[in-house]
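Asker: The structure is given below, and queries will be raised subsequently.
The values are calculated or read from the model by the stated rules, or taken from the named source; none is laboratory data. As the structure is a prediction and not an experimental result, all values here were calculated from the model. Note: ideal-geometry Cβ built from the backbone for every residue, glycine included; neighbour counts use all protein chains shown.
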């Protein structure tokens, strides 16, 4: 059976809740002190409060600071009765400041909270916010006219108009007395010039970062500590300056958020090229991963690389890893052994047969290598002689010398037959060498032998004419 709430009961419950809230608000006491965030640089201060109103977290209040009267935002109260979740004790607040930067944290106690901001206060502050751009451009024009090498970044007026603050950047020290006098005469108030760096400039002017969130320096960071390249290398981030730099041109602040965690995990891993022991045997550390806590080890003996958790890494024990396939000498990372193919066997047999044919071929007789030996006396090997494309030049003969008689094989080269002169002819028709003609060298003998082989391969007889 469904239960339907009666309208009268719902109205009574709503009225009862309102009554309880009113009674709870009446029981609350006004805070004695409150923590307020004020200024364009998001400074924090603890100020006493003596009003009767009971502001809550996020309320706009008018505070009196060392700069003058301005509007701030209440963060929490530090009253002793910090029982609800909207207030903290003074001890908790001091611990937070100490952990957030200590003395570098922009925390002040000079001043007091005057009242809760009214509608007139909010409207005046809105008009001052709209005039910031005009004040900044006017200050830039005056600095350029005076020849000051600086850049006006932002202007900050306050609610009481007692002071006007200008933030500027400059690489060198600048004499600002002339510019301050000019601005003071124009705005009829006290002028304060504050030099800022690249990170503070981004805090003043930047909005969103590449992650899609509001810039950390403008959102919640109060102390901008320097960041080294070591943090980027430890976290294995890319070293491209365009990808690890923020709006200020420096390394991003978020690199140091997890730097302590990465450093703690890195100390647990062994160094590279260190001898370690594993469940499979000793080896050398090749690489390690910080987040997964895995160590890549190359085992001794088998040269196999295996990844082990850091808990399994011990001191060297002298144990050698067992090879997977000692017959082939391959490790796991090289893949399985390829099967032998039939075509490989056939090629091996063919090469063996060719080698045997070369070994069984009879050696040539050195006597047949002589240049004067006839072509008919040489054994035929069965190999076709190489064909020459270049035609043989005609041999010039002397006067009274026959051209068709080959030299006798029994007659040695370079000798003249008995009873004949240097210019005479032998019985076989071979001419003796003249004095001006050089003797047959080894190169000439080889050339002559090649000519005779070609005659034999072409089917001509050994007694052909020498002149072609």
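Asker: For the list (1) modelled with pLDDT of 90 or more; (2) assigned to a strand (DSSP E or B), I need the number of the one condition that residue 160 fails.
Answerer: For residue 160, the failing item is (2).
Asker: Could you please let me know if residue 152 is touching a helix residue (DSSP H, G or I) at 6+ places or on another chain (Cβ under 9 Å) and within 26 Å of residue 70 (Cβ to Cβ)?
Answerer: Values: touching a helix residue (DSSP H, G or I) at 6+ places or on another chain (Cβ under 9 Å): yes; within 26 Å of residue 70 (Cβ to Cβ): yes.
For residue 152, the condition - touching a helix residue (DSSP H, G or I) at 6+ places or on another chain (Cβ under 9 Å) and within 26 Å of residue 70 (Cβ to Cβ) - is met.
Asker: Continuing with the same structure: Go through segment 270-293 residue by residue and tally those that are assigned to a loop (DSSP other than H, G, I, E, B), within 22 Å of the chain's Cα centre (by Cα) and surrounded by 13 or more Cβ atoms within 10 Å (Cβ to Cβ).
Answerer: 2
Asker: Taking segment 175-216 on its own, how many of its residues are more than 20 Å from residue 158 (Cβ to Cβ) and exposed (fewer than 15 other Cβ atoms within 10 Å of the Cβ)?
Answerer: The qualifying residues number 13.
Asker: Within segment 221-241, can you find the residues that are touching a strand residue (DSSP E or B) at 6+ places or on another chain (Cβ under 9 Å) and farther than 30 Å from residue 288 by Cβ? Walk me through how you get there before you give the answer.
Answerer: Applying the first criterion (touching a strand residue (DSSP E or B) at 6+ places or on another chain (Cβ under 9 Å)) to segment 221-241 yields 222, 226-229, 231-232, 236, 241.
222 - this is the single residue of segment 221-241 that is touching a strand residue (DSSP E or B) at 6+ places or on another chain (Cβ under 9 Å) and farther than 30 Å from residue 288 by Cβ.
Asker: Every residue in segment 309-328 that is surrounded by 17 or more Cβ atoms within 10 Å (Cβ to Cβ) and either modelled with pLDDT of 90 or more or closer than 30 Å to residue 260 by Cα (or both), please.
Answerer: 313
Asker: Shifting gears a bit: Grab the strands (runs of 3 or more DSSP E) fully contained in segment 12-78, keeping just those with 2 or more residues being over 20 Å from residue 119 (Cα atoms).
Answerer: Numbers: elements: 33-38, 43-48, 60-64, 69-77.
Qualifying strands (runs of 3 or more DSSP E): 33-38, 43-48, 69-77.
Asker: For segment 248-268, enumerate the residues that are touching a strand residue (DSSP E or B) at 6+ places or on another chain (Cβ under 9 Å) and under 27 Å from residue 96 (Cβ atoms).
Answerer: Restricting attention to segment 248-268, the residues satisfying the condition of being touching a strand residue (DSSP E or B) at 6+ places or on another chain (Cβ under 9 Å) are 251-252, 266.
Of everything in segment 248-268, those that are touching a strand residue (DSSP E or B) at 6+ places or on another chain (Cβ under 9 Å) and under 27 Å from residue 96 (Cβ atoms) turn out to be 251, 252.
Asker: Keeping to segment 238-269, report how many residues are touching a residue at least 12 places away in the same chain (Cβ under 8 Å) and not in a strand (DSSP E or B). Quick ask: steps written out before the conclusion?
Answerer: First pass over segment 238-269, keeping only residues touching a residue at least 12 places away in the same chain (Cβ under 8 Å): 244, 246-256, 258-259, 262-263, 265-266, 268-269.
Right, trim to not in a strand (DSSP E or B) and you get 244, 246-250, 252-256, 258-259, 262-263, 265-266, 268-269.
Residues in segment 238-269 being touching a residue at least 12 places away in the same chain (Cβ under 8 Å) and not in a strand (DSSP E or B): 19 in total.
Asker: Show me the helices (runs of 4 or more DSSP H) found entirely inside segment 164-237 where at least 3 residues are farther than 29 Å from residue 69 by Cβ.
Answerer: Numbers: elements: 177-187, 198-205, 216-219, 229-234.
Of the helices (runs of 4 or more DSSP H) lying wholly inside segment 164-237, those with at least 3 residues that are farther than 29 Å from residue 69 by Cβ span 229-234.
Asker: For residues in segment 75-88 being within 48 Å of the chain's Cα centre (by Cα) and at pLDDT below 80, which is farthest from residue 43 (Cα to Cα)? Even if it seems obvious, please write down each step before you answer.
Answerer: Filtering segment 75-88 for residues within 48 Å of the chain's Cα centre (by Cα) gives 75-76, 85-88.
Still in the list and also at pLDDT below 80: 85-88.
Details: 85: 23, 86: 20, 87: 19, 88: 19 Å.
Out of the qualifying residues, it is 85.
Asker: Separate question: Residue 253 versus (1) modelled with pLDDT of 90 or more; (2) in contact with a helix residue (DSSP H, G or I) (Cβ under 8 Å, 6 or more places away or on another chain); (3) closer than 30 Å to residue 214 by Cβ: which is the lone unmet condition?
Answerer: Condition (1) is where residue 253 drops out.
Asker: Looking only at segment 92-113, decide whether some residue is over 44 Å from the mean Cα position of the chain (by Cα) and without any contact (Cβ under 8 Å) to a residue 60 or more places away in the chain.
Answerer: Checked against the condition, which is being over 44 Å from the mean Cα position of the chain (by Cα) and without any contact (Cβ under 8 Å) to a residue 60 or more places away in the chain, segment 92-113 yields no hits at all.
Asker: While we're looking at this one, here's another question. Just to be sure, is residue 116 under 18 Å from residue 201 (Cβ atoms), surrounded by 12 or more Cβ atoms within 10 Å (Cβ to Cβ) and in contact (Cβ under 8 Å) with a residue 24 or more places away in the chain?
Answerer: Values: under 18 Å from residue 201 (Cβ atoms): no; surrounded by 12 or more Cβ atoms within 10 Å (Cβ to Cβ): yes; in contact (Cβ under 8 Å) with a residue 24 or more places away in the chain: yes.
No; evaluated as a whole, the condition is false for this residue.
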